[in-house]
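The values are calculated or read from the model by the stated rules, or taken from the named source; none is laboratory data. Predicted model only: the values in this text are computed from it and were never measured. Virtual Cβ from ideal backbone geometry, glycine too; neighbours counted across all protein chains shown. Please note that ligands, DNA and RNA were not included when accessible areas were found on the heavy atoms of the full protein model with its side chains. Shrake-Rupley method; radii C 1.70, N 1.55, O 1.52, S 1.80 Å.
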Amino acid sequence: MIAPHEMPPQPGPAADLAEKLCALVPALETERLRLRAPTLADFPAWAEILCSPRSVHMDGPYTRDEAFTEFAATVGSWLLRGHGPWTIESRASGEVLGFVCLNMEPSDQEPELGYFLREGAEGHGFAAEATFAARAQGWALGLPSLVSYIDPPNARSVALAERLGARRDRQAEAALAGTGSEGALVYRHLRPEIAP
C-alpha cells in the first residue's frame, strides 16, 4: 500500500498548481534522454535507489520515510535556490532511469553536481549524457561553481567525474574538515571559458 504522503494530489487547484510549478523547471533533452522536473510518480525509483545497499556511497541505505524526506528536500531546492534535481527519463521508452541534481545539501560548501541511476540503467553512458546536460544548465543559470562530492570507494563516480573533465580539488577537500563530509573527494567542474 502506498503511504498517503507518496500519493499525487487529487485533481483540482492544488494538482494544477503543482503541474504549473513543474513546468517552470527547465526540461533538457539529449540524444537519448529527457531531464524533467521530478514528480511524486518518480519517488518509487528514488526510493529503489536510496533504500538499497547501492546507496552506501550516499550515506545510505535509507528507510523509505528518510528517502522521502531527502526527495522532498532535494526537489524543494528548485523553489529555494533556482536549481535542483531532474528525473532522467529514456526518450525511447519513458522509463525513469535515475536522477541528476544541481543542489546544495547540509555540509555542501558550494553547488554540487550529483548523479545516481537505477541499477539496470548503469553501464550505458546515461549518467555522462545527463550530467553533461545538467552541468551546461548550471552554467546557463549562472552558478558560480560546481563540484561533485564523491565517497572515495565509489570508483564509478570518480571515473565519471574525470570523464567529464572535472579535476580533484584537494584544497576544497581540506575545507570540509568539521562539516560532516570529511573524507569526501571533491571534483571541481571548470567553466568552459576557464578550463585549461
- Message: I'd like the full set of residues that are free of Cβ contacts under 8 Å to residues at least 60 places away in the same chain and open to solvent by 10 Å² or more (accessible area, probe 1.4 Å), limited to segment 84-100.
- Response: E89, S90, S93, G94, E95, V96
- Note on the structure: For segment 53-70, pairs from a residue that is farther than 17 Å from L117 by Cβ to a residue that is open to solvent by 50 Å² or more (accessible area, probe 1.4 Å) and at pLDDT below 95, with Cβ under 7 Å and 6 or more apart or across chains, are F68/H5
- Item | Those residues of segment 43-65 which are more than 19 Å from Y149 (Cβ to Cβ) and of a type outside the set (K, R), in sequence order | F43, P44, A45, A47, E48, C51, S52, P53, T63, D65
- Return only the number of the condition from (1) under 16 Å from the mean Cα position of the chain (by Cα); (2) assigned to a loop (DSSP other than H, G, I, E, B); (3) farther than 26 Å from A47 by Cβ that P106 does not satisfy. (3)
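Restricting segment 143-158 to residues that are of a type outside the set (K, R) and open to solvent by 60 Å² or more (accessible area, probe 1.4 Å), which is nearest to E182 (Cα to Cα)?
First, pick out the residues of segment 143-158 that are of a type outside the set (K, R): 143-155, 157-158.
Among the residues that remain, those that are also open to solvent by 60 Å² or more (accessible area, probe 1.4 Å) are: 144, 152-153, 155.
Details: P144: 23, P152: 11, P153: 14, A155: 18 Å.
Checked segment 143-158; the qualifying residue nearest to E182 (Cα to Cα) is P152.
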- Query: Does R81 satisfy the condition of being among the charged types (D, E, K, R), open to solvent by 40 Å² or more (accessible area, probe 1.4 Å), in contact with a strand residue (DSSP E or B) (Cβ under 8 Å, 6 or more places away or on another chain) and within 30 Å of G183 (Cα to Cα)?
  - Reply: yes
- Checked segment 124-153 for anything touching a residue at least 60 places away in the same chain (Cβ under 8 Å) and within 11 Å of H83 (Cβ to Cβ); matches are A134, Q137, L143
- Query: Any idea how many residues of segment 60-73 are open to solvent by 10 Å² or more (accessible area, probe 1.4 Å) and either over 13 Å from the mean Cα position of the chain (by Cα) or of a type in the set (V, I, T) (or both)?
  - Reply: 9
- Among the residues listed as A92, A159, A175, the single one being among the small types (G, A, S), out of contact with any strand residue (DSSP E or B) (no Cβ under 8 Å at 6 or more places or on another chain) and closer than 25 Å to T39 by Cα: A92
